[in-house]
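What follows is a single structure, written as structure tokens, with notes after it.
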């Protein structure tokens with residue numbers, strides 16, 4: 001039994017846990033600094049708090065499901081999430097560069113919706129089959 005657990009904790013598992021932990025830490029920063037971060041990004045403080053809550057929920061679910069979902073599923077979801085994160089950050093930066101005021105809202109909006117979608121897809125994914133003893 002110990003070999004089964006030890007063999008499942010590999011670099012990918014550590015990466016999935018680290019990704020979830022980063023979301024949880026980012027959530028704490030968003031909620032603790034909602035007002036100053038909101039001013040910096042041009043978003044209302046309530047949106048920062050809601051985004052922080054979504055990141056906290058998403059990161060917690062991500063950490064909690066590492067033993068029951070395949071790393072292939074995690075990898076696909078993380079690539080999709082991070083690709084969207086980069087694309088949204090670029091769009092937000094482009095909007096700000098062109099003088100628009102919605103760049104921060106676009107970026108924070110993504111960070112509000114995407115972790116919940118990530119978590120829902122992770123929950124809906126097929127569980128991994130445990131090795132028989």
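Just so it is clear, none of the values below were taken in a lab; they were calculated from the coordinates. Keep in mind that what you see is a predicted model, and the values were worked out from it rather than measured. All Cβ positions, even for glycine, are placed from backbone atoms using ideal geometry, and neighbour counts span all protein chains on display.
What FRET efficiency comes out for residue 25 versus residue 91 if R0 is 25 angstrom and r is the Cβ-Cβ distance? Round to the nearest 0.05.
Numbers: r = 24 Å, r/R0 = 0.97.
Once the sixth-power term is evaluated, E becomes 0.55.
Taking only DSSP H segments of four or more residues, each worth -39500 (n - 2.57), what value at 222 nm results for the chain once the sum is divided by all its residues, to the nearest 500 deg cm²/dmol?
Values: 6 runs with 106 residues, N = 133.
Using -39500 (n - 2.57) per qualifying helix, the result is -27000 deg cm²/dmol.
So how tilted is helix 45-64 from the main axis of the chain? Cα-based, degrees 0 to 90, rounded to 10.
10
Working from Cα positions, state the angle (0 to 90°, nearest 10) between the long axis of helix 11-32 and the longest principal axis of the chain.
Approximately 30 degrees, to the nearest 10.
With each label point set 7 Å from Cα along the Cα-Cβ vector, what nm distance links residue 75 and residue 10?
0.8
Classify the range 14-118 from the C-alpha gyration tensor, please: rounded if a/c falls under 1.5, else prolate or oblate depending on whether a/b exceeds b/c. Could you put the intermediate results ahead of the total?
On the way: a/c = 2.96, a/b = 1.62, b/c = 1.83.
Since a/c reaches 1.5 but b/c is at least a/b, the shape of the range 14-118 is classed as oblate.
At 7 Å along Cα-to-Cβ for each site, give me the label-to-label distance between residue 57 and residue 82 in nm.
2.5
Give, in nm to one decimal, the length gained when the segment between residue 123 and residue 17 is fully stretched (0.36 nm per residue of separation minus the Cα-Cα distance). If you can, show how the numbers build up before the last one.
Working: separation 106, 0.36 × 106 = 38.16 nm, distance 1.55 nm.
Between residue 123 and residue 17, full extension yields an extra 36.6 nm.
Counting pairs of alpha carbon atoms under 8 Å apart in space and at least six apart in sequence, what relative contact order in percent does the range 2-124 give?
Working: 143 pairs, mean separation 37.6, N = 123.
Computed over the range 2-124, the figure is 31 percent.
Any chance you could give the angle, 0 to 90 degrees and rounded to 10, that helix 103-124 forms with the longest Cα principal axis of the chain?
For 103-124 against the chain, the angle is about 20 degrees.
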